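Inspection log for the structure reproduced underneath, given as structure tokens.
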Amino acid sequence: MHDRFDFNPDTIKKIYFFELKYALRENSLKILFLLPIIIILMFLMVGEFKHLVFGINEFYILAGIFIFDSELFINQFSIIKGELRFFRLFSSPVISLIMAKNIFAFTFVLFQCVAINIILLIFNLTQINVLAKALIYFAITFPVLSGIGNILSILMPRGYIEGRKREMILSSIIIPLMTILLSSVPYRLFQLLAAGLQTWPKIFVALLFILLSFSAYYASLIKCAYSLNKNIFRLLQKL
């Protein structure tokens, strides 16, 4: 019997590839993946993308991706009905289950970012300094975003029940926006502290904030694992 609060790389790998394989077959996740890319291409087609890049820049493009993909973070265990099958793996370490789903979410968002930046590079519509800021924002924000999402997915599980229709505005708009705003606070603090610093001190401050962000993620992971282990029957009933 595994210790439910130990990391198990084999279990993480197994669940991750199971999730990845399932995502490749699931149309709703394909649409979720392609939606930001389609919107970028639409802006290109109507000739408004240059204004989007230099008026809004990639910081907001990334924030938009996070909002589109918010279900990956704040509803970890019932994005789609088929994911309920993951509960058969609860005999494995709980932390391994949560981490595997977080890593999948990271891969999902990272591939979207790569695809969009390839489009930007092809049309020569991005700048290195803007891209660097976007990557720092991604590195600082994503662990916090995942940590908040882990806790919300346990405290406020949303299954495929009739009552979910009444939660549509809360789950699709309000919670994603609040989560994005909260997770962006560390990046804003980083900007304030790094203002005026030279390159190497700024890199050191960025690495420090990334480390703090991952520390916050780890703390939320432990909290989420204990909550999930304690409330598993309530969660299953809700889902």
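Give 2, 51 a once-over and let me know the one that is closer than 17 Å to residue 100 by Cα, surrounded by fewer than 17 Cβ atoms within 10 Å (Cβ to Cβ) and modelled with pLDDT under 75. Of 2, 51, the one residue that is closer than 17 Å to residue 100 by Cα, surrounded by fewer than 17 Cβ atoms within 10 Å (Cβ to Cβ) and modelled with pLDDT under 75 is 2. Residues in the stretch 100-122 that are among the β-branched types (Val, Ile, Thr) and touching a residue at least 60 places away in the same chain (Cβ under 8 Å) were compared, and the one that is nearest to residue 58 (Cα to Cα) is 116. Checked against the criterion of being exposed (fewer than 12 other Cβ atoms within 10 Å of the Cβ), within 28 Å of residue 227 (Cβ to Cβ) and at pLDDT below 85, the candidates 128, 154, 174 yield just one match: 174. The residue pairs whose first member lies in the stretch 123-142 and is within 14 Å of residue 58 (Cα to Cα), whose second member is open to solvent by 30 Å² or more (accessible area, probe 1.4 Å) and not in a helix (DSSP H, G or I), and whose beta carbons are closer than 7 Å, counting only pairs six or more residues apart or on different chains, do not exist in this structure.
Would you confirm whether or not the stretch 82-93 contains a residue that is at pLDDT 75 or above and not polar (S, T, N, Q)? No, the stretch 82-93 has no match at all.
The values are calculated or read from the model by the stated rules, or taken from the named source; none is laboratory data. A quick note: this is a predicted structure, and the numbers were derived from the prediction, not measured. So basically every Cβ, Gly included, is an ideal-geometry build from the backbone, and we count neighbours across all protein chains shown. These accessible areas exclude ligands, DNA and RNA; they are computed on the full protein's heavy atoms, side chains included. Shrake-Rupley method; radii C 1.70, N 1.55, O 1.52, S 1.80 Å.
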